[in-house]
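Report on one structure; see the data block that follows.
The values are calculated or read from the model by the stated rules, or taken from the named source; none is laboratory data. Quick caveat: nothing in here was measured; it's all calculated off a predicted structure. Counting neighbours? That spans all protein chains shown, and the Cβs are built from the backbone with ideal geometry, glycine included. Side chains included, ligands, DNA and RNA excluded: accessible areas come from the protein's heavy atoms. Shrake-Rupley method; radii C 1.70, N 1.55, O 1.52, S 1.80 Å.
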Amino acid sequence: MPQVKKLLLIGVLYLLVIFMVACSGGNDAETDSSEGENNDENESASEEQVTIVYATGVDTTGATQSQIEAFEQIHPNINVEYREMPADTGQQHDQYVTMFGSQSPEVDVYNGDIIWAAEFAQANYALELDRFIEADGFNLDSHFEGPIQAGNYNGRQWALPIYMNASFLYYRTDITDTPPATWDELIEQAEEMQGEEGTEFGYLLQGSQYEGMVTNFIEIIASYGGSVIDENNNVVINSPETIQGLEKFAEIVQSDFVPGNILNFQEIETENAWIAGDAVFARNWTYMQSSSNDEERSEVAGNVEIAPIPAGDEGSTSALGGWMAMINRYSEHPEESWELVKFLASEEGQKIGAVEGARAPTVESLYDDPEVQEAGPLFSNPSFVEGLSVAVPRPVSPIYPEISEIIQIEVSRVLTEEQTAEQAVENMEAQLEEALED
Ligand code: GLC
């Protein structure tokens, strides 16, 4: 439909709604002052006061709250109730599976991990977004392709990206100016520098048996040329490269320069120890830039820089992470939910995430925005943006949770010295082949 006709139609519909509300004696016909991408926010959302529930994992940055406030200002008729979910992505996943498995409408919009779309689409937990995207002309092309693809399954779009994640090596500039470029250098420097400037540990990572450990594993094996499943869905995990990477991972986890309870470390434990000034180096996602330099929370503000994850024989790699906005298939407010999804994925919504939460936008143009550049040193660094585009994805599959569980169990048994890396890759190969055959 030509734009002018469309706007006219929207105008007429809008007046009609106001007229109807006025006739019914309603007093909540506030004008929606939205300035969304296409000025047609009112087309789908009704003007009735509606409350929707938005569920996201623990957000230590405060960006989610600001996004909600900005959204509510644009949409005075939509109230957003924020439901905090566990920080651990696997625990969030399981709670959603229980909720949506019983067709519960208790949550309307939720943040989905980049690894969930295939599974949630197939299980009918997500509302397909294509009709909304088309109706509003939402521009998918302004985003990086990887995260858009992550929300696409069977040619249909089930999720829109809110931010993407790559991991980095955080280091203390008051201890060193030359961060390690390889895993062997990391081991050497962590041993040597541990204890300087009041630190207790050389290095922090995520060793707990959960999804975050899988990302640590994926990137260290990839840095030696190893991977789990190839593009033709063949299991290729049983390789000398994967064994080498896994052995390096185990060597680091079993070293004296990581905390004794590193097998309980997830991102939150890493962040807490890091901002308390306990370590020289740490692996974490982009968001830790925000807390590292927060004068109120961090003991190390002003003394933190970021470098690429150390390299193996095949170079440095990061796992691709990130979060997407999805609508519960059983939501009773799909139109209003779409408005929130659209906002969170939009340039405006993502900018709040970047400025307040150091979350890496998927809208490419935001990397040229001065406020975004100011918020995180990484965002104005071209090699960072390039790094994001080459981050290694995890296997895309509707049975991803099963794949992850196999990796979690077998890799953990190497980290705890219950089996060798060779035994682990053999076990994983057999179990993954069986899981993928079903
Ligand atoms: C981050 C990533 C997500 C990943 C998780 C693992 O939240 O964005 O993709 O699964 O960490 O802990």
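Things worth noting here:
- Treating each Cα of segment 345-438 as one equal point scatterer and applying the Debye formula with no solvent, the log10 of I(q)/I(0) at q = 0.16, 0.25 Å⁻¹ comes out as -0.75, -1.16.
- For segment 188-294, the spherically averaged projection of the C-alpha convex hull amounts to 7.4 nm².
- Summed side-chain charge close to Arg156 - residues other than Arg156 whose Cβ falls under 9 Å, Lys, Arg +1, Asp, Glu -1: -2
- The chain - mean residue ellipticity at 222 nm from DSSP helices (-39,500 (n - 2.57) per run, n ≥ 4, rounded to 500): -13000 deg cm²/dmol
- Cα convex hull, segment 108-246: 184 Å³ per residue, rounded to a whole number.
- Relative intensity of segment 243-354 on a log10 scale, I(q)/I(0) at q = 0.15, 0.21, 0.24 Å⁻¹, equals -0.88, -1.20, -1.37, per a Debye sum over C-alpha point scatterers of equal strength in the absence of solvent.
- Whole-percent carbon and sulfur share, accessible surface of the chain, 1.4 Å: 46
- Counting only protein heavy atoms and using a 1.4 Å probe, the accessible area of Lys351 comes to about 50 Å².
- Normalised by the number of residues in segment 182-247, the average gap of Cα pairs under 8 Å and 6 or more apart makes the relative contact order 21 percent.
- The ellipsoid equivalent to the alpha-carbon distribution of the chain has semi-axes of 41, 25, 18 angstrom, derived from the gyration tensor eigenvalues as √(5λ) and listed largest first.
- Were the residues from Asp230 through Val58 laid out at 0.36 nm apart, the gain over their Cα-Cα distance would be 58.6 nm.
- Accessible surface calculations at 1.4 Å, restricted to protein heavy atoms, place the chain at 42 Å² per residue.
- Computed about the Cα centre, the dipole magnitude for the chain is approximately 920 debye when only Lys and Arg (+1) and Asp and Glu (-1) carry charge, each at its Cβ.
- Only beta bridges with both residues in the chain are counted; by DSSP, about 65 percent of them are antiparallel.
- In the assembled protein chains, Asp94 presents an accessible area of approximately 90 Å² (probe radius 1.4 Å).
- Debye-sum result for segment 382-426 in log10 I(q)/I(0), which assumes one identical scatterer on each alpha carbon, at q = 0.25, 0.31 Å⁻¹: -0.83, -1.00
- The modelled label-to-label distance between Asp368 and Thr178, using points 7 Å beyond Cα along the C-beta direction, is 3.7 nm.
- Distance between the pseudo-spin-label points of Asp130 and Ala307 (7 Å out from Cα toward the beta carbon): 4.8 nm.
- Database remark: amide H of Gly322 closer than 5 angstrom to the amide H of Ile114, Asn165 (H placed geometrically; neighbours at sequence offset of 5 or more, or on other chains; Pro and chain starts carry no H).
- Inter-label distance, Asp141 to Tyr82: 3.6 nm, where each label sits 7 Å from its Cα along the C-beta direction.
- Full extension of the chain between Thr420 and Glu251 yields a length gain of 59.7 nm, computed as 0.36 nm times the residue separation minus the alpha carbon distance.
- Panel values: segment 61-111, Kirkwood radius from alpha carbon pairs, Stokes-Einstein at 20 °C and 1.002 mPa s, translational diffusion coefficient 171 µm²/s.
- Mean separation of Cα contacts under 8 Å (6+ apart) over length of the chain, as relative contact order %: 22
- Distance from the Cα centroid of segment 66-92 to that of segment 325-389 is 14 Å (rounded to whole angstrom).
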